[in-house]
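Only the coordinates and a few stated rules stand behind these numbers; no lab work does. Keep in mind that this is a model prediction, so the values were computed, not measured. Positions of Cβ are generated from backbone atoms using ideal geometry, with glycine treated the same way; all protein chains shown enter the neighbour counts.
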Amino acid sequence: MELCFYVVPGLVLAALAFAAYRLVRRARRIGRTWSHGLTAEARCLRTYTTTSGGGGDTSVHTSLHHVYEFCARDGRTVRFEEEGGPATVLEGDITTVRYLPECPERATARPPAPGRLVGEAGCGLLFLGVAGAVCVGFIILAHGIFAESDGLLP
């Protein structure tokens, strides 16, 4: 029983660390694409929205998606989908995309905004850090309770 008070927060900590890793990796990839990527003209092939949330007492979140297609410098035709793009881009519009030559399928049509990218990543890491601190605090508290009671719950 005592083990559960260590294993569960430990698993949550591992998940939080993985989420932080993914968040930093994504921010670095987008930042590198903006600063070192190539540009190309792309056509918006399709726009659509997705919704999440149950409605009723819970909020509903709607996300706008765009599907773009462009010709990379090596001659390949690349099609990619991006969530959260500008609502002013409609089907058939031509827009500039940025991509890294080694992975053009991870292109972005978002205009460079390094300050916003750092702010979003920083807020995400702050949230994950607070959640991790709560898990560590729970483990320390559980350890103190079990140390005082010789491993037996009152």
(request) Taking the Cα centre of the chain as origin, sum charge times position over the Cβ atoms of Lys and Arg (+1) and Asp and Glu (-1), and report the length of that vector in debye to the nearest 20. (result) 720 debye
(request) Give me the number: length gained by fully extending L125 to T39, i.e. 0.36 nm times residue separation minus the C-alpha to C-alpha distance, one decimal in nm. (result) 28.0 nm
(request) Based on other C-beta atoms within 10 Å, arrange Y21, Y6 from fewest to most. (result) Y21, Y6
(message) At a threshold of 8 angstrom on Cα-Cα distance, excluding pairs fewer than six apart, so keeping six or more, what relative contact order does the chain reach in percent?
(response) 28 percent
(message) Please compute, over every Cα-Cα pair in the chain, the percentage with a separation greater than 20 angstrom.
(response) 65 percent
(request) Choose one answer from F18, F80, F70: the residue with the largest mean-square fluctuation in a GNM of the chain with alpha-carbon springs under 10 Å. (result) F18
(message) Test of understanding: in a Gaussian network model of the chain with alpha carbons linked when under 10 Å, which of V60, V136, V78 would top the mean-square fluctuation ranking?
(response) V60
